[in-house]
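Colleague: Take a look at the following structure, please.
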């Protein structure tokens with residue numbers, strides 16, 4: 001099994017690593033799907049508030065899930081909004097998978113945004129086709145990291161059960177500086193339904 005901390009997308013269910021295109025920034029990211037995230041159920045103690053509307057319509061053997069809502073992580077201030085998808089939980093965790101109690105992170109450390117219970121993909125041949133973009137900007141709006149789709153190398157899709165749990169990890173490092181605040185935007189989207197997305201925004205300060 002290859003190291004899951006390399007620059008790329010690690011899929012433990014199939015043991016495949018896909019390197020994203022044109023990644024030159026020293027700030028790292030990681031996406032993990034399926035079983036590796038199972039231990040994160042222990043994060044359910046993270047404080048959050050949820051507002052959501054969800055409707056399921058079933059006709060002729062087809063199932064369509066319409067969901068729209070928002071979640072707020074009171075500890076970190078991270079705000080998540082979603083449309084088209086339904087989602088059970090969003091966690092902000094540190095390098096030990098412990099829920100963060102504020103939005104401060106030391107240099108050369110990591111934090112992760114974890115999504116669990118994602119449902120509502122538009123399936124093609126039984127597979128889900130998630131996309132995940134990640135942006136980090138400084139106070140002036142300049143990009144530290146700008147990846148439009150970390151699943152861009154996939155053409156065959158993924159099992160919906162594996163795609164139900166996604167995790168994006170940011171490692172702080174140069175050119176970030178201590179004492180400065182940065183803005184992170186992580187977006188999950190459905191490549192087979194342009195209206196379905198989950199967007200989390202969070203400010204974090206480097207200690």
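The values are calculated or read from the model by the stated rules, or taken from the named source; none is laboratory data. Because the structure is a prediction, the values reported are computed rather than measured. So basically every Cβ, Gly included, is an ideal-geometry build from the backbone, and we count neighbours across all protein chains shown.
Colleague: Restricting attention to region 133-158, which residues are touching a strand residue (DSSP E or B) at 6+ places or on another chain (Cβ under 8 Å) and farther than 23 Å from residue 205 by Cα? Full working, then the answer.
Modeller: Of all residues in region 133-158, those touching a strand residue (DSSP E or B) at 6+ places or on another chain (Cβ under 8 Å) come to 133-139, 143-154, 156-158.
Answer for region 133-158, where residues must be touching a strand residue (DSSP E or B) at 6+ places or on another chain (Cβ under 8 Å) and farther than 23 Å from residue 205 by Cα: 148, 149, 150, 151, 152, 153, 154, 156, 157, 158.
Colleague: Would you say residue 91 is within 26 Å of residue 192 (Cα to Cα), touching a helix residue (DSSP H, G or I) at 6+ places or on another chain (Cβ under 8 Å) and assigned to a loop (DSSP other than H, G, I, E, B)?
Modeller: Working: within 26 Å of residue 192 (Cα to Cα): yes; touching a helix residue (DSSP H, G or I) at 6+ places or on another chain (Cβ under 8 Å): yes; assigned to a loop (DSSP other than H, G, I, E, B): no.
No; evaluated as a whole, the condition is false for this residue.
Colleague: Please state which of the following conditions residue 182 fails to meet, knowing it meets all the rest: (1) within 23 Å of residue 83 (Cβ to Cβ); (2) without any contact (Cβ under 8 Å) to a residue 60 or more places away in the chain; (3) over 12 Å from the mean Cα position of the chain (by Cα); (4) buried (at least 20 other Cβ atoms within 10 Å of the Cβ).
Modeller: (1)
Colleague: Another one. In this structure, does residue 154 turn out to be farther than 23 Å from residue 110 by Cα and part of a loop (DSSP other than H, G, I, E, B)? Lay out the reasoning, then the answer.
Modeller: Details: farther than 23 Å from residue 110 by Cα: yes; part of a loop (DSSP other than H, G, I, E, B): yes.
So residue 154 fits the description; yes.
Colleague: If you take the residues of region 188-207 that are within 24 Å of residue 109 (Cβ to Cβ) and buried (at least 18 other Cβ atoms within 10 Å of the Cβ), which of them is farthest from the chain's Cα centre (by Cα)?
Modeller: Top of the filtered list is 206.
Colleague: Keeping to region 69-88, report how many residues are in a strand (DSSP E or B) and in contact (Cβ under 8 Å) with a residue 24 or more places away in the chain. Walk me through it before giving the result.
Modeller: So in region 69-88, the residues in a strand (DSSP E or B) come out as 69-73, 79-83, 86.
Checking which are in contact (Cβ under 8 Å) with a residue 24 or more places away in the chain leaves us with 72-73, 79-83, 86.
Final tally of qualifying residues: 8.
Colleague: Name the residues in region 111-120 that are farther than 14 Å from residue 202 by Cβ and within 15 Å of the chain's Cα centre (by Cα), would you?
Modeller: Keep residues of region 111-120 that are farther than 14 Å from residue 202 by Cβ, which gives 116-120.
Result: 116, 117, 118, 119.
Colleague: Could you list, in sequence order, the residues of region 180-194 that are assigned to a strand (DSSP E or B) and either at positive phi or at pLDDT 95 or above (or both)? I'd like the intermediate steps shown before the answer.
Modeller: If we filter region 180-194 for residues that are assigned to a strand (DSSP E or B), which is where we start, we get 181-190, 193-194.
Matches in region 180-194: 181, 182, 183, 184, 185, 186, 187, 188, 189, 190, 193.
Colleague: One residue is enough: does region 168-175 have a residue meeting the conditions part of a strand (DSSP E or B), modelled with pLDDT of 95 or more and buried (at least 16 other Cβ atoms within 10 Å of the Cβ)?
Modeller: Our first condition is that a residue be part of a strand (DSSP E or B); within region 168-175, this holds for 168-171.
Still in the running and modelled with pLDDT of 95 or more: none.
No: region 168-175 contains no residue that is part of a strand (DSSP E or B), modelled with pLDDT of 95 or more and buried (at least 16 other Cβ atoms within 10 Å of the Cβ).
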